[in-house]
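Enquirer: Pasting a structure here, questions to come.
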Amino acid sequence: MAKVTKIGVLTSGGDAPGMNAAIRAVVRTAIYYKCEAYGIYGGYQGLINDDIHQMTTSHVSNIMQRGGTILKTARSAEFKTPEGRKKAYENLKKHGIDALVVIGGDGSFTGARIFSQEFDIPTVGVPGTIDNDMFGTDHTIGYDTAVNTAMEAIDKIKDTASAHNRLFFIEVMGRDAGFIALRTAIATGAEAVLVPEFDVETEDLVKKIARDYDPTKSSGIVIVAEGAKCGGAYGIAQKVKELHPEYEVRCSVLGYQQRGGRPTQADRVLASQLGVAAVDALLDDQKSIMIGMANREIVQIPFNKVVLKRKGLDEYRLKMIDILAL
Ligand code: ADP
């Protein structure tokens, strides 16, 4: 394989805190190894629109502490078409870019996998999504920050819940995966958690809450992932209220604040490690892999696996909620 000399980097799909630290790591590692670094603005759409610019070390100064992504991100329908991907390839060729780092989630790696099957551009993925639902890595960039943000908001809601002896249903992000909900539930001492992966009958939930939400307890918190099958916080709250009109029920939906904000040190460090390793892998002639972190070691997982396999929720941790809510 020809030696890699010009490395492009883009962020794609949903933004996640820590993406900037990953961009910084990719750019600086590329330059450290005497390669040129190119920022592609607006994800795959930026490739198609030729929004591609060379980056120096100073372009990535002072960005580590900021949420979002300085390269912007986008969802590109055009990249899903062969014509769109051909345009993307031609623009990369025009700039002489011979390798690509894609920072994003599942969808972004599906695109990267197809692109690298069609064209000879070695591509390496860095997992950036708050949802943590990616096979092959213990954590994704942004997950730790999102959980901390949710936890801090819920701590505040708990003050009110306890002052008024109320039962709160709090919805957190997670359309398809319950990782944020489950970890936040453990971290906030919730009575119960509802996740998309497992269905819970309202009667069973009510029994659980009835057991836990007794007047001797100061407050009750149920964490609901937005994709929970019962229909989100408002849906389940209404069902519970119908069965127990005497409960003082309230709902709160935590929104996009979970996607933004200053990345935690854990996300900054993870992003830095994965970014360095992504460039290392490209210089080592690797392609079509995601860089992950498993058991505190850097791992390389083929896109095929990342895209086709699913990371399961730890059922033991779900049981922990029951145990600890006594
Ligand atoms: P995430 O990476 O956060 O999961 P998306 O699912 O929105 O976000 O995917 C991001 C982008 O990846 C899409 O807008 C599209 O450009 C590209 N992509 C996703 N799936 C495919 C696909 N099957 N073929 C080509 N590109 C895809």
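Enquirer: So which of 147, 124 ends up being modelled with pLDDT of 95 or more and in contact with a strand residue (DSSP E or B) (Cβ under 7 Å, 6 or more places away or on another chain)?
Expert: 124 is the lone residue from the list that is modelled with pLDDT of 95 or more and in contact with a strand residue (DSSP E or B) (Cβ under 7 Å, 6 or more places away or on another chain).
Enquirer: State which residue is farthest from the chain's Cα centre (by Cα) when the search covers only the stretch 122-136 and only residues that are more than 14 Å from the ligand (Cβ to nearest atom) and at negative phi.
Expert: Per the stated criteria, the residue is 122.
Enquirer: Working only within the stretch 80-104, note down all residues that are in a loop (DSSP other than H, G, I, E, B) and among the small types (Gly, Ala, Ser).
Expert: 96
Enquirer: While we're here: Failed condition for residue 231, given (1) within 16 Å of the ligand (Cβ to nearest atom); (2) of a type outside the set (Phe, Trp, Tyr); (3) surrounded by fewer than 23 Cβ atoms within 10 Å (Cβ to Cβ); (4) on the phi > 0 side of the Ramachandran plot, with all others met?
Expert: Condition (1) is where residue 231 drops out.
A quick yes/no check of all residues on (1) buried (at least 24 other Cβ atoms within 10 Å of the Cβ); (2) at pLDDT below 95; (3) among the charged types (D, E, K, R); (4) out of contact with any helix residue (DSSP H, G or I) (no Cβ under 9 Å at 6 or more places or on another chain):
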residue: 2; (1), (2), (3), (4): no, yes, no, yes
residue: 12; (1), (2), (3), (4): yes, no, no, no
residue: 16; (1), (2), (3), (4): yes, no, no, no
residue: 28; (1), (2), (3), (4): no, no, yes, no
residue: 40; (1), (2), (3), (4): yes, no, no, no
residue: 49; (1), (2), (3), (4): no, no, no, no
residue: 54; (1), (2), (3), (4): no, no, no, no
residue: 65; (1), (2), (3), (4): no, no, no, no
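Enquirer: Could I ask something else about it? Can you find, within the stretch 64-80, the residue that is nearest to residue 111 (Cα to Cα) among those that are more than 8 Å from the ligand (Cβ to nearest atom) and out of contact with any Ser or Thr (no Cβ under 7 Å at 6 or more places or on another chain)?
Expert: Going through the qualifying residues, I end up with 72.
The values are calculated or read from the model by the stated rules, or taken from the named source; none is laboratory data. Please read these numbers as outputs of a predicted model, since none were measured by experiment. Note that we place each Cβ from the backbone using ideal geometry, even for glycine, and neighbour counts take in every protein chain shown.
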